[in-house]
1. Of all residues in the stretch B:147-159, how many are in contact with a strand residue (DSSP E or B) (Cβ under 9 Å, 6 or more places away or on another chain), surrounded by fewer than 24 Cβ atoms within 10 Å (Cβ to Cβ) and either at negative phi or within 14 Å of chain C (Cβ to nearest Cβ) (or both)?
2. Does B:Val170 fit the bill of being in a loop (DSSP other than H, G, I, E, B), within 14 Å of chain C (Cβ to nearest Cβ) and within 20 Å of B:Leu250 (Cα to Cα)?
3. Give the residue that is farthest from the other protein chains (Cβ to nearest Cβ), with candidates limited to residues of the stretch A:85-107 that are farther than 18 Å from B:Glu31 by Cβ and over 13 Å from the mean Cα position of the chain (by Cα).
4. Pick out the one residue from A:Val78, A:Val70 that is buried (at least 21 other Cβ atoms within 10 Å of the Cβ), more than 14 Å from every other protein chain (Cβ to nearest Cβ) and under 28 Å from A:Asp6 (Cα atoms).
5. Looking only at the stretch B:19-45, filter to residues that are touching a strand residue (DSSP E or B) at 6+ places or on another chain (Cβ under 9 Å) and at the interface with chain A (Cβ under 8 Å from one of its Cβ atoms); which one of those is surrounded by the fewest Cβ atoms within 10 Å (Cβ to Cβ)?
6. Taking the stretch C:228-248 as the search range and keeping residues that are hydrophobic (A, V, I, L, M, F, W, C) and more than 9 Å from chain B (Cβ to nearest Cβ), which one is farthest from B:His7 (Cα to Cα)?
7. For C:Arg157, are the conditions met, namely being more than 25 Å from C:Gly312 (Cβ to Cβ), touching a helix residue (DSSP H, G or I) at 6+ places or on another chain (Cβ under 9 Å), of a type in the set (Lys, Arg) and more than 14 Å from chain B (Cβ to nearest Cβ)?
8. So, restricting to helices (runs of 4 or more DSSP H) that lie completely within the stretch C:269-359, which ones have at least 2 residues that are within 16 Å of the chain's Cα centre (by Cα) and buried (at least 23 other Cβ atoms within 10 Å of the Cβ)?
Amino acid sequence: MERDRDLSALAIVGIRARGDALAARIQAAIRTNEGVDVPLGAIDITLYRDDLTRIGYAPVVRESEIPFSVDGRVVVLVDDVLFTGRTIRAAMDALVDYGRPRAIRLAVLVDRGHRELPIRADFVGKNVPTAPGDDVRVHLAEVDGRDEVEIVTRVPA
Amino acid sequence: MKWTRRHVLDTDDWSRDEIETVLDQTRAMIEILQRPIRRAPPLRGRTVILFFAEASTRTRVSFELAAKALSADVTNITASGSSVEKGESLYDTVRTLQALGGDIVVMRHASSGAPYFVAERTDAAVINAGDGWHAHPTQGILDAYTLRDALGDLDGKRIVIVGDVLHSRVARSDINTLVPLGVRITLSGPPTLMPMAWRCGQPPREVTYEPDLDRAVDGADGVIALRLQRERQESGLLPSLREYSRVWGLTAERVARMRPGAPVMHPGPMNEGIEIDSAVAHGAHSLIETQVTNGVAVRMALLYLLAGSGPAIPVEERA
Amino acid sequence: MKLEGRYIEAPGFIDLHAHLREPGFEESETLATGAHAALHGGFTTVCAMPNTDPAIDTAALVKEVYARAPGWAEGARVWPIASITRGRKGKELADLVELAQAGAVAFSDDGSPVDDARLFRSALEYARSAGRVVIEHPQDLALSAKGVMHEGSVSARLGLPGMPAAAEETAVARDIALARMTGARVHLTHLSTSGSIDLVRRAKADGVSVTCDVTPHHLAMTDEWVAGSRAFAWEVQDEGLRGVPYDSSTKVNPPLRTRADVRALWAGLADGTVDAIATDHAPHASTKKDVEFDQAAFGISGLETAVPLILGGVRAGWASLPTAIAALTTGPARVLGVDPLEGDHVVIDQEAEWVVTPESFFSLGKNTPLMGRSLIGKVDIAVIGSTKRRGGQRVAKAIAGR
């Protein structure tokens, strides 16, 4: 909101699963603070993954829901953890199949580093340095019953 | 649940879980078909071969749209003008399929069991688009999807399937997808067009036979009318089409005997005026066009699930 | 004869009904390979059905079969059956007396029935002059038209046109009525339904001159095998052993029927209604079988698996061993009206376990749903007259020791 004073062009799209719950929270916060209802959507990027042929099974695809036109909008993608950047690449590919946003920004709860693609977040909740083998698990009340971020470190055998 | 089936040959032994997984994936695919760009990339670089040894426009086109919507490359081997029509054996066609190296083969064939024959002899995953009288699994699933979408939870609902059940792969597949979802099925139609075993006390689980259509549709939650397959009948099974249409045709009066809002479905193509009145086919209760839309999405869901089941396993390496 | 213990000794088996395909269909079997396979299966005598090309409908052709059959050194005795009608066309009687004089041991138009009842009546009456039995394949062609398996709940499920039990039973009833009326003897081959067995039982009680046989595959397999089951009628399905549905090796005429039918065949064997077990050995080159189910030829290659299938039912208590052995020896001899052949005998290892592979068959016909299956029971030695064969090989070359 600090960045884009004009809220009329804003839209928030969460990346399933968990990014969509976070996106809903952000939308609610904006409504509380500014009294404006920013359009909210959720996008599932499974079909856009670049590793589908490698993983040997078909992950469950959830329904995407973008009940508004993205044309000309500033779309803020929301996700829980930013890691290699591949999920965001897939999300952008999916998003542009809906139309042509004016701009796409990225908001993440946790940025854990180790980018493999040239992707950066515009808004970061917390930067958390991790080792590549670590696991960062975000738990949200709406999905997992509690709000918590777990960092699981692999101990060498 | 994690999808493990390599082929979709029929739904004879599918669990409720498996059917619901496909129905859920179908919903996700419907959303893709509603986007401005009706395409997603998961089958990019994969080849889908459409092998239709029996003529069909709507099913073949539906599969073609589904494959392209997922960015697959599509190759057609169809009956007319092909070596199949000239009498090439299925065995030889299978060798051609193997040489073409497709990832998924979608096939329709006049012989029941042909997809099993092909699946045993090719590396590709096989989807049955209709084999003889036996199965049309994608139709069964799209009918289940359409009904669930219209009626909500299907547990305890009663659906009537009326027509030439004996020769109908659609009827068999509908039974195999609806019953696991909790549906009771009433079959209706001439006794000569009903499998003898089902008519004489050995019907499948949750299936009954009621020759009187008026009684069958009374209070039913929905009806599926089957095409009267003239081309598959030998003489002697039916006295006349006129009598069939009077006794077992789906008229507005019969539709009115069902529960309010009960949907009318038909796998197509229709013989309007014979098994179904035009007014009913295009009337308020008809979901026939929705079935067609849902068909593309169901086929997308299955192509996606099968493509994800891993790379082709060469025949020689199978256990 | 010795029927206790691991190794049983019995007279050499006589197969009333085998298709040896020569002349005309040598890609599927020859008299040499068929006779060798028969001996391997414990049959020291095998009767060859005349549905060859040309059909065996003249004295010259009967003699030709004798000439072409291998000597006792290489395989079982081959006894030709001549056709009832010229060319097996079902229109005119063949010269039955001449055929018998040339050495035909019986008459049959098998794999077809003699559909014309009036002609069949004549055949039964005339065959008496020839002193040979008429073997009839009972099937109402109209009622079973286009059928490819038993008509029942399995065919309903699989979407395949069926041959109802009644198609066999109406023909059996017709044949019995004609036998009763003419006083002639008729032998009904490969009966497959409980209704057929009931009809024969009642006819025999009435004094009608009718005999019948059943095949080993009808004694063991059911219509569920077309759907992929590989459980014998006395077994529960082992999920690990399932076959692929629509396997054309399960396509046979008459078709595999229900468990209740199989049970009735064994009951008929036990109470003497069924006189013989005959293999209806029907070998086919793979080109005839490696096609869609509805296009495939009918038939199972059965000479070399008869023993383990029959022993399986005996082990399950469905008939006694003496009854089963009689159905392979004295029963067929009585049907043909011959004396048992001195010196012909077999030794069977009841406990030998072996796997059915294409190489394990001497028959050119590898078309059996038992391919790849482990079976229990094997012929150890087969002896014709004074010549000894072990497992179908000359004793001189046989593997030493048991």
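1. Residues flagged as in contact with a strand residue (DSSP E or B) (Cβ under 9 Å, 6 or more places away or on another chain), surrounded by fewer than 24 Cβ atoms within 10 Å (Cβ to Cβ) and either at negative phi or within 14 Å of chain C (Cβ to nearest Cβ) (or both) within the stretch B:147-159 amount to 4.
2. no
3. Residue satisfying both the conditions and the ranking: A:Ala103.
4. None of the others qualify; the one that does is A:Val78.
5. The extreme case among them is B:Gly45.
6. So, considering only residues that are hydrophobic (A, V, I, L, M, F, W, C) and more than 9 Å from chain B (Cβ to nearest Cβ), the one farthest from B:His7 (Cα to Cα) is C:Trp234.
7. No; evaluated as a whole, the condition is false for this residue.
8. Hits in the stretch C:269-359: C:306-315, C:321-328, C:330-336.
Laboratory data are not the source of any read-out in this text; all were calculated from the coordinates shown. A quick note: this is a predicted structure, and the numbers were derived from the prediction, not measured. Cβ atoms come from the backbone with ideal geometry, glycine included; neighbour counts cover every protein chain shown.
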